[in-house]
Amino acid sequence: MASQTMNASANIVLDSVGNRTLVCHDPHKISSNGRYNLWRITFRTCSICRSVAVKMDPKMMIRPGWKPAILGLSAVFTTLVFSLLLAFALKRYASLDPSVAKPLPVIAAAQCLLSFQNVASVLTELKMIQTDLGRLAVSSAMFCDLIGICFMASSFAVLQTSGDYPMISVLAILVFVIFVLVSVYIIRPLILKSLSLVPEGRSIGESHITAIFTVLLVVGFISEMIGQHFMFGPMVIGLVVPEGPPLGAALTAKLDIPVGKILYPAFLTASGLKTDIFCIHFQGAWTVALIVFLSCVVKVGAVMLPACYMDLKIQESFVLGLMMNVRGLSELVLYNLFLDVEVLKPEAFALCVVSVILVTAITTLLIKLLYDPSSRLTPVRRRTIQHCKRGTELRILVCIHNQENVPAMVNLLEASNATEESPVTVIAVLLIELVGRANPMLIAHQSHRLLQPSSSRSGRIINALRQYELCNEACVTFQSFSSISQFDTMHEDVCRVALDQNTNIIILPFHKQWEIDGSIGSVNRAIQNMNAQVIEKAPCSVAVLVDRTTLRGSRTILNGQSSYHVAVIFIGGADDAESLSYAARMVMHPHVSLTVFRFLFLGSDNMRERKIDNNLIDEIRHVNIGNERFAYQEEIIRDSVGLAASATRLGGSFDLILVGRNHQESPLLEGLGAWIGCPELGVIGDMLAEPDSERTASILVVQQQRLKGKVMKRISKPVVIDQEPFHAT
């Protein structure tokens, strides 16, 4: 007796013959268990592998440096050996269900793998990818990716033949190697040749994108034909695609929405549908949990041991081990592939997916709790202009976003008065927003690198800054770095370079640029946010330069001018003391004149702070006795209205006005903070930076070094302004 029924929605035929039931499934339909037809699976997985691979840097995979290489080798092979030994021991001596026991060595071997995409994604979310540990972890993960790709290519070559034909497996591996060589030495040059026909600065056409996607599907088919899984072909093509614009950037932009917003969530959903947690038994759960837990512990230890010999602290070594235990998309892709080729059964697959979720959640939480990147940016000594010792160089870090920032920066540097007795070292950091392979991994390799002049925009900026060095060859040293990252994390690069280079002050560009009529020409909120972060976390003094050189009808550098008029607005406090100390150095330049305006409150005041300020001003006035380019004025102010009126009238008489960002508590400032528009400039700086065609002076808003966010205790220290030392706080 035979009966036959059909499910029209899924096109499933059930044919019962005796006590047997035959199930026929149409592969072109979608069934309730989450299975997709072949072409959708192929395109989805190929696209995901291709947006992943296009963001990888093959050069860093092959030449990672000795530290990442040692960490990667130790993490992979130590974990692999231990996990396999444990898996074989459990398989032999523990009573396990065959569906769990058989894939146990495969599950154990998978614990040694490490993906840069997982590490980079998690560290980006935690805003740690630009830290020293973040860079080291991502570099190590990328090298581990190279090992993993080789391992998986070999494994799938064996799995495709079920391990019964070793010669065929070896042949499949050799053919895959040939495919890689063809991709590197034939396909990549062809891509480069076609891109050379695209004019510089122009985007590529849709024909290039269509051709790449066509090649994407073709190489996936070729991968299957040569005995590999179809995902390896798109991954190799993604690696050989040239980084950055025009092609790398265009592909990343094209794939961001369809892959990141559609295919990737669909893949996660499909993985979730395949994960049947109700089929998990206690025996299998504790076995896999034991392997995963001990593998994580071993990997942490395998990373910590060499890391300690690399002069990392024990806590940092432990955190680095946690970073290299992060799981994510790569493991899910791997487990899905194992499920497709029936290496994993439903119970084992569910256990693996659950382990990915738990390990990532726990390691991410521990990393966030145990590692504070800002703690490494805390200096152990004063780094200010005011406390710079006699005979030492003044080290200034200038941040450049575009070429428009250069003339005002050069004027400021020239006014800093570099001499043979007190030289100046300029560290230029170019702020370059991450484009092209816009992925956080690039930050670990390309930011914080020395730039060389070239025909690019960066080269023109560097060449313009080098003119200042050439004009002061005997007393100026120049270095240049680039911060290639997203603006929301760029402040970490700036602060790190400032710490490493022992700078005394950081000069930041203001986020607004002026038109010639005094109106605001452009506003960059990303720069403003970066400035605020640098001001908060800087390991030295920091200043924001509001550039108004366009309003004075001249873009020439200081050497071409007969005189450069500088003013200081002094109310009191550490920040005003720092700005005055900087100006006191400037007035020693033969082409700089300085006028100090001190505003005093008519009434009670902090007598201790007033005494410290008096000592500083008296010393500066004493040093400048007989200097016709130095002037000092005091004005008694009754209230904040009088202060605002007196300060704003100075805007049209000087080339540069220096003012402290914060001031000691005074009734003069009451009510002014309620109207502030740019908090990074402080009350007076914000007032001076208001759009006004009559105010043509550039403004330098200075904040003296903070220690852990607090103002340093003001004590008497020797201060040098290129003559005899004087004492002030």
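What follows draws every value from the coordinates through simple rules; no lab data is involved. Computed from a predicted model, the values in this text were never measured in an experiment. Cβ sites come from the backbone with ideal geometry, for glycine too, and all protein chains shown count toward neighbours.
Descriptive notes on the structure:
- Table column - 3J(HN,Hα) (Hz), the stretch 287-301, Karplus curve with 6.51, -1.76, 1.60, x for Gly and Pro: 5, 5, 4, 5, 5, 5, 5, 5, 5, 5, 5, 5, 5, 4, x
- Computed label-point distance, nm, for sites Glu420 and Leu366 using a 7 Å Cα→Cβ extension: 6.0
- Each label was represented as a point 7 Å from its Cα along the Cα-to-Cβ direction; for Gln467 and Thr269 these points are 5.8 nm apart.
- Close amide H contacts of Ala567 (hydrogens built in the peptide plane, cut-off under 5 Å, sequence separation of 5 or more or a different chain): Thr595, Leu656, Ile657, Leu658.
- FRET efficiency, 1/(1 + (r/R0)^6) with R0 22 Å, evaluated for Val170 and Glu224 via beta carbons: 0.75
- Pairwise centroid distance, computed over Cα atoms, of the stretch 476-506 with the stretch 594-642, Å: 34
- Those residues of the stretch 269-292 whose amide nitrogen sits under 14 Å from the label point placed on Ser99, 7 Å along Cα→Cβ: 274-285
- Entries of Lys261/Lys368; Lys193/Lys512; Lys67/Lys127; Lys254/Lys274 with Cα pairs more than 31 Å apart: Lys193/Lys512
- Label-point separation, Leu195 to Leu290 (7 Å along Cα→Cβ), nm: 5.1
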